[in-house]
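The values are calculated or read from the model by the stated rules, or taken from the named source; none is laboratory data. None of these values were measured; they are calculated from a predicted model. Cβ: placed from backbone, ideal geometry, glycine included. Neighbour counts: every protein chain shown. Note: accessible area is taken over every heavy atom of the protein model, side chains too, but ligands, DNA and RNA are not part of it. Shrake-Rupley method; radii C 1.70, N 1.55, O 1.52, S 1.80 Å.
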Amino acid sequence: MNKITVLSVFGTRPEAIKMAPLVKHLASLPEFESLCCLTGQHREMLDSVMEIFRLKADYDLNIMQARQSLSSITSRTILGMDEVIDRARPDLILVHGDTSTTFAGALSAFYHQVPVGHVEAGLRTWDKYSPFPEEMNRTLVGDIAELHFCPTVNNLRNLEREAVAGEKFVTGNTVIDAMKTTVRSDFVFSVPELNRLDFSGRRVVALTCHRRENYGEPMRNIMEAVRELAASHPEIDVVYPVHLSPVVRECVFGILKDQPNVHLIDPIDVENMHNLMARCYFVMTDSGGLQEEAPALGKPVLVLRRETERPEAVKAGTVKLAGVRKEDVLALAEELLTDRAAYDAMAHAVNPYGDGRACERIARGILWHFGRSSERPADFNA
Ligand code: UD1
Ligand code: UDP
């Protein structure tokens, strides 16, 4: 019987972290030909993930430009995908999440009339400008896709509310699958700045911030809150692997570079990142991925945004929306440092986003869709 050719298309760091285990799982099954196309929307931050998961791209569009615009990412991807789809002749194209790569990859598939499977489907804030442009990307991909792999039941309900057509599965998030291989109690950091930290003697706060809707005043507010927090708590360390976007770096280094207990480092690979989170005291972030990973590690998270499409961990009590005003961010961080009961109430491990078997469910969902299995995978239930 012919193999099902699945072409996974991704281009940024978080997509790679969440798609790598799936590309590898599909490759391990005899029913599939698993191919992977990088758009190269990110470069160094993407290549680092490919190395950690020992994954080789079959195609690489290499589109990244410094200070790239949304139009440039989208148009360069669509143009590049024409030839890739003609050569690979996939039966299914998988895209992930909500980046410009995701949208452009799905649109290219549609232009070639190749069915699309959307991994991490159904996340919504219902505000088209926040997160920008991700909310619109994932909504449009929802309309294009024929297979929707929702991490949670709540994500499935969102698609039902929009009456989105196609086959829907609840699978858990593949990032929890990825963490099975990255988090290790005996892990030794390969980043000198992390090895210099005293995790047992001092409390370490892990910080990341990069979102486009936070550019400008919100990001300045957040960085000023962090500077004040660090200045008034010399007994803590703040570690911030700073995203390579020049817009982010100008803002962050401008405000935080002279604060001695704030450690601004280059992006770190995913193993170092996951193990940093496993050993830190709490997390401050506007990242989507960190909001999913930290709760699984029992670490409180302050979300540096006004809303979140990931309400599950907020409900479970391990994540709080801090917003983007300096005094709000400062107050919540201060509380976590000074109120042990408030800290303990947030610091418990929960797994609303998956049980580490998302890739298996997605593969079985595809087999079922193509009539190669008579059994629909049972939904993930947190
Ligand atoms: C993108 C996604 C966002 C996701 C984030 C993950 C879009 C519109 N945004 O945002 O949803 O949360 O990735 O990190 O798809 N750069 C480098 N090297 C790299 C990566 C980036 O130099 O390895 C620099 C480049 O100058 C690039 C800039 O960062 O132009 C911004 O990258 P871009 O992918 O456009 O936006 P992100 O903020 O990373
Ligand atoms: N991450 C990483 N190195 C870093 C910062 C983040 O490996 O220096 C990982 C993080 O653990 C998560 C993913 O990158 O798996 C999140 O990426 P990002 O925050 O850039 O994007 P988002 O999830 O917000 O789309």
Q) Which of these, A341, A88, A106, has the largest mean-square fluctuation under a Gaussian network model of the chain (Cα springs below 10 Å)? A) A341
Q. Rule-of-thumb check for the range 23-152: C-alpha Rg over 2.2 N^0.38 Å?
A. 1.03
Q. Charges only on Cβ, +1 for Lys and Arg, -1 for Asp and Glu: so what's the dipole of the chain about the Cα centre, in debye to the nearest 20?
A. 200 debye
Q: With runs of 4+ DSSP H residues as the only contributors, calculate the mean residue ellipticity of the chain at 222 nm using -39,500 (n - 2.57) per run, divided by the residue total and rounded to the nearest 500.
A: -13500 deg cm²/dmol
Q) Of the accessible area of the range 171-224, with the probe set at 1.4 angstrom, what percent is carbon plus sulfur? A) 46 percent
Q) Can you give the longest stretch of the chain with no exposed loop site, where a site means GluC sites (Glu not before Pro) in a DSSP loop (not H, G, I, E or B) with at most 11 other C-beta atoms within 10 Å? A) 1-234
Q. Sorting D355, D237 by accessible area (1.4 Å probe), largest first, what list results?
A. D355, D237
Q: Would you mind getting the accessible area per residue of the range 232-382, heavy atoms of the protein chains only, 1.4 Å probe, in Å²?
A: 38 Å²
Q | Residue among N214, N62, N195 with the largest mean-square fluctuation in a Gaussian network model of the chain, springs linking Cα atoms under 10 Å | A | N195
Q: Report, to the nearest whole %, how much of the accessible area of the range 254-382 belongs to carbon and sulfur atoms, 1.4 Å probe, protein only.
A: 48 percent
**Q.** Centroid-to-centroid separation of the range 83-136 and the range 355-377 [C-alpha atoms, Å]
**A.** 20 Å
Q) Summing Lys, Arg as +1 and Asp, Glu as -1, what charge do residues with Cβ under 10 Å from the Cβ of G117 carry, G117 excluded? A) -2
Q: Determine the share of the range 61-130's accessible area contributed by carbon and sulfur atoms, expressed in whole percent, with a 1.4 angstrom probe.
A: 49 percent
Q. What is the set of long-range amide H partners of L94 at a cut-off below 5 Å, with H atoms built 1.01 Å from backbone N?
A. L7, S8, V9, G117
Q: Send over the per residue convex hull volume for the chain, Cα only, as a whole number of Å³.
A: 126 Å³
**Q.** Contact order normalised by residue count of the chain, Cα under 8 Å, 6+ apart, percent
**A.** 15 percent
Q. How would you classify the range 101-192 from its alpha-carbon gyration tensor, with a ≥ b ≥ c the square roots of the eigenvalues: rounded for a/c under 1.5, else prolate if a/b is greater than b/c, otherwise oblate?
A. prolate
Q) If you bin every alpha carbon distance in the range 242-321 into 5 Å steps from zero, what whole percent lands in each bin? A) 3, 14, 23, 22, 21, 14, 4, 0
Q: Within the set of other residues whose C-beta is less than 11 Å from the C-beta of P30, count the net charge using Lys and Arg as +1 and Asp and Glu as -1.
A: 0
Q. Which semi-axes, in whole Å and largest first, does the equivalent ellipsoid of the range 1-70 have when worked out from the alpha carbon gyration tensor as the square roots of 5 times its eigenvalues?
A. 24, 13, 8
**Q.** With Cα atoms, 0 to 90° folded angle of helix 100-111 axis to the chain main axis
**A.** 10 degrees
Q: Express the relative contact order of the range 13-62 as a whole percentage, based on alpha carbon pairs under 8 Å and six or more residues apart in sequence.
A: 43 percent
Q: Taking only Cα atoms and a 10 Å spring cutoff, compute GNM fluctuations for the chain and point out the largest among R13, R67, R138.
A: R67
Q: Over the range 1-108, give the accessible area per residue in Å² for a 1.4 Å probe, as an integer.
A: 41 Å²
Q | For R357, net neighbour charge (Lys/Arg +1, Asp/Glu -1) across residues whose Cβ lies under 11 Å away | A | 0
Q. Counting only Cα, what are the radius of gyration and maximum Cα-Cα distance Dmax of the range 269-382, in Å?
A. 17.2, 57
